Amino acid sequence: MAAEAHSTATLRLTVGDLRVVHPVTVPSGSVRASAVVPALQELVNAVVGAAEAKLGESGTAISCRKGCGACCRQLVPVSRTEAERLLGVIEAMPAKRQQALKERFATAAAAIRAAGLDATAGRADRELSVGYFALGIPCPFLEEESCSIHPERPLVCREYLVTSPAELCAGPQQKGVTPVPVPKVSMAARSLQDDSENWFPLAMLMDWAKTRPRNGVKRTGPEWVQRFLRRLSA
Ligand code: SF4
């Protein structure tokens, strides 16, 4: 079989007060939106890297460390596009691991439904995030307080870093937590496939998978990137 053709372009972005120059490589042909998620992951990594470098100029250190999963009990909003990619990641895992993950997702989803937090439409972000964090539900991907899918973690997880003491992240309402000001490039993924915002809590991934639209539109990789950039600048 012939290798899939790819296209590369160098993006020059101004996001917030950061300037980022970053090459993106995507499939040249017609693909589902989830096929460009790896390129978006790299782009978010570049933006986060620029934010870290800027922070470093002030001599402030990031306190996030491997093995601290306090923030992995927060509501993690994932776009439909990222969700499709994550389902593919899970499907590629050994059956036993898939089963263990599905059980964790089922436990988390039951707690979210019981608290009435599965219905996100029309509710304030703050109300949702405070209510969700109070439940203390670990992300189903969290294992031994580390992310078990670190290279594939959602875009919004990449954007969350703090400079405050790690123990504050576990406190009620996370008082005193100082996040690094990272432009939220991940927001542009929420409406990548449709004009309306389309997201849900990561812990509801398996519930969403049961009713997800399966015949998503196909576009070339460069067209998806152009749509993403339009949403980013909107
Ligand atoms: S996907 Fe990984 S980084 Fe994100 S909340 Fe879950 S465990 Fe944490």
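Each reported figure results from applying straightforward, stated rules to the coordinates on display, with no laboratory input. In this text, all values refer to a predicted model and were calculated from it rather than measured experimentally. With ideal geometry, Cβ positions are generated from the backbone for all residues, glycine too; neighbour counts draw on all protein chains shown.
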Scan of region 138-150 for residues that are in contact (Cβ under 8 Å) with a residue 12 or more places away in the chain and either within 7 Å of the ligand (Cβ to nearest atom) or within 17 Å of the chain's Cα centre (by Cα) (or both), ordered by number = P138, C139, P140, F141, L142, S146, C147, I149
Residue pairs meeting the criteria (Cβ under 7 Å; at least 6 apart or on separate chains; first closer than 13 Å to C139 by Cα and in contact (Cβ under 8 Å) with a residue 12 or more places away in the chain, in region 90-104; second surrounded by 11 or more Cβ atoms within 10 Å (Cβ to Cβ) and not acidic (D, E)) | L101/I90; L101/P140; K102/M206; R104/P140
Just one of (1) part of a loop (DSSP other than H, G, I, E, B); (2) within 15 Å of the ligand (Cβ to nearest atom) trips up F133, so point out which.
-> (1)
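Working only within region 207-232, note down all residues that are of a type outside the set (D, E, K, R) and either under 23 Å from Y160 (Cβ atoms) or assigned to a loop (DSSP other than H, G, I, E, B) (or both).
W208, P213, N215, G216, V217, F228, L229, L232
Among the listed residues P151, P140, which satisfies the condition of being assigned to a loop (DSSP other than H, G, I, E, B) and not hydroxyl-bearing (S, T, Y)?
Values: P151 fails: assigned to a loop (DSSP other than H, G, I, E, B).
Exactly one residue qualifies, and that residue is P140.
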Please give the number of the condition T163 fails out of (1) within 15 Å of the ligand (Cβ to nearest atom); (2) in contact with a strand residue (DSSP E or B) (Cβ under 9 Å, 6 or more places away or on another chain); (3) over 21 Å from A234 (Cβ atoms); (4) polar (S, T, N, Q).
-> (1)
Criterion violated by G122 - all others in (1) without any contact (Cβ under 8 Å) to a residue 60 or more places away in the chain; (2) surrounded by 13 or more Cβ atoms within 10 Å (Cβ to Cβ); (3) not in a helix (DSSP H, G or I) satisfied | (2)
Selection from region 54-111 of residues that are under 25 Å from S164 (Cα atoms), within 21 Å of the chain's Cα centre (by Cα), away from the ligand (no atom under 14 Å from the Cβ) and β-branched (V, I, T) = I62
Can you tell me which residue among E91, E144 is loosely packed, with under 13 Cβ neighbours inside 10 Å, of a type in the set (D, E, K, R) and more than 18 Å from K210 (Cβ to Cβ)?
-> E144
Limited to region 20-64, what total is found for residues that are in a loop (DSSP other than H, G, I, E, B) and in contact (Cβ under 8 Å) with a residue 60 or more places away in the chain?
-> 8
Restricting attention to region 23-40, report how many residues are under 18 Å from R158 (Cα atoms) and crowded, with 18+ Cβ neighbours inside 10 Å.
-> 6
